[in-house]
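Asks: Starting off with a structure, shown below.
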Amino acid sequence: MDHVRAQLGASVDEVCEMVVRPAAASVDREARHPVESWKALSEIGVLRMRVPVEDGGFGLDLASYIAVIERIARACAASAMTVHMHSTACDAIVRGAPAHRRGEWLAPVVDELTLYGSWGSEPGSSASRLFHSSTTVVRRGDEFVVDGLKHFCTMAGVARGAMVACTLVDEQARHQPVSIFVPGEGPGIEVFGDWEPLGMRGTVSPSVRFSACGIEADRVFIGRSSPGGTAQLALGFSAVMLGSAEGALGTATDHCRAKVLAGSSEPIAADPLVRRHLGHVVARLAAARAVLFEAAREWVPDEPRWSVVPAARAKYVVQDAALAATSELMQIVGGISATPGLGLERAFRDVRTASLMPPNPDRMSWLLGADLLGEQVQMFDFSASQ
């Protein structure tokens, strides 16, 4: 496994420099899918990182997986986020799919350029507060019928399938949180809406409406999430933000080494104030990275205390560090950082947008405080009531 991790890491670095980083600016500018990055990353096995070895994947441990997401994010945060959302869907398949479906759905990830989405957000609900899915699943004979609206549906329109958070309504009108695996397109599935966000533009996450969408019964998973699954989701978001900020630090450092102001014979990197600010960013990001990887190493799939609490702590620390770092780096570089040329403003926008992914700072600090007081906690509160 150590050999696999080392080999994959070296391949990821090469692909990021040759393909992902050069495409990042146009992916952001055009708000388009990073298809060339997906293709190159798929060819070295990145899309099957979390697929178990017995299913043809690498079966990477969480810390190794987080390291890959971080590396991709240094080159293109949107590419890293799409890979993370795809991997989250693969994990849900591994945890809950029937045996015959598991093989059917994972095989294209191993053998083809296939990505899956993970769609939970709705306009009228918040995962950082009390999440209730208004998207319903109702049995009709031998199949289930899905109705509802999802937004921020990453890769909608190109993903071959998606894991969707829903509420199962049974014959007694009882409500139960479930996840369903839906095909990427078909009758009753409508992808719509423009995608013009502040950042993460390459995730291309429009809305999806389900209207009397019929699916097979074995596509419904009882139980919406597990402690380990939600913790992994938050750790991946943290890796995207950290990697993006680290990439910005590299860009700013190169600029400071090369930039010589009129009337000076030395680059601005020689300025003690610039060095002090760069050092501040280095220390802040190094501390955040240590907290993130400590949490990833502590991860236990379905044990709340050792999954949720370290993940909440990591996202809180990383989010704060990445937001502050990208802002400070723009201040160091000056006005040119606000233009697209260097990519610093893209990193600033991507981190700000990624920081809005749940849980939010209030939820994370509550989790940490409640745990300190001895309460049992979970990453999100799910409601299955009307």
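Asks: Run the reach check for K150 against lysines, Cα to Cα strictly under 25 Å, same-chain hits fewer than 8 apart removed. What comes back?
Replies: Counting by Cα, and skipping residues close in sequence, K150 has these lysines nearby: K315.
Asks: Which ³J(HN,Hα) values in Hz, rounded to whole numbers, follow from the phi angles of segment 339-350 under the Karplus curve 6.51 cos²θ - 1.76 cosθ + 1.60, where θ = phi - 60° and Gly and Pro get x?
Replies: Using θ = phi - 60°, the values come out as 9, x, x, 7, x, 5, 5, 5, 4, 4, 5, 5 Hz.
Asks: In sequence order, what are the phi-derived ³J(HN,Hα) couplings for segment 146-151 according to the Karplus relation 6.51 cos²θ - 1.76 cosθ + 1.60 with θ = phi - 60°, rounded to whole Hz, with x for glycine and proline?
Replies: 10, 9, x, 10, 10, 10
Asks: Also: For segment 206-215, take each phi angle, set θ = phi - 60°, evaluate the Karplus expression 6.51 cos²θ - 1.76 cosθ + 1.60, and give the result in whole Hz per residue in order, putting x for glycine and proline.
Replies: Once θ is set to phi - 60°, the couplings for segment 206-215 become x, 8, 10, 10, 9, 10, 6, 7, x, 9 Hz.
Asks: Moving on. With 10 angstrom as the radius, rank L368, L47, L242 by how many other C-beta atoms surround their C-beta, starting from the fewest.
Replies: Taking fewest neighbouring Cβ atoms as first place, the list is L368, L47, L242.
Asks: Over the Cα atoms of segment 268-350, what radius of gyration and what Dmax do you get, in Å?
Replies: 16.1, 50
Asks: Now a separate question. In what order do K315, K259, K150 fall by count of nearby beta-carbon atoms within 10 Å, going from fewest to most?
Replies: K259, K150, K315
Asks: In straight Cα distance, which aspartates and glutamates are under 12 Å from K259, not counting same-chain residues fewer than 8 positions off?
Replies: Within the straight-line limit of under 12 Å, K259 reaches these aspartates and glutamates: D271.
Asks: Taking 45 Å as R0, compute the FRET efficiency from the Cβ-Cβ separation of V35 and V138 and round it to 0.05.
Replies: For R0 = 45 Å, the calculated efficiency reads 0.80.
Asks: Please check: in the Gaussian network model of the chain (C-alpha springs, under 10 Å), which one of H255, H33, H100 has the largest mean-square fluctuation.
Replies: It is H100.
No value in this document is a laboratory result; all are computed from the given coordinates. Here the structure is a predicted model, which means the values were calculated and not measured. Positions of Cβ are backbone-derived with ideal geometry, glycine not excepted, and every protein chain shown enters the neighbour counts.
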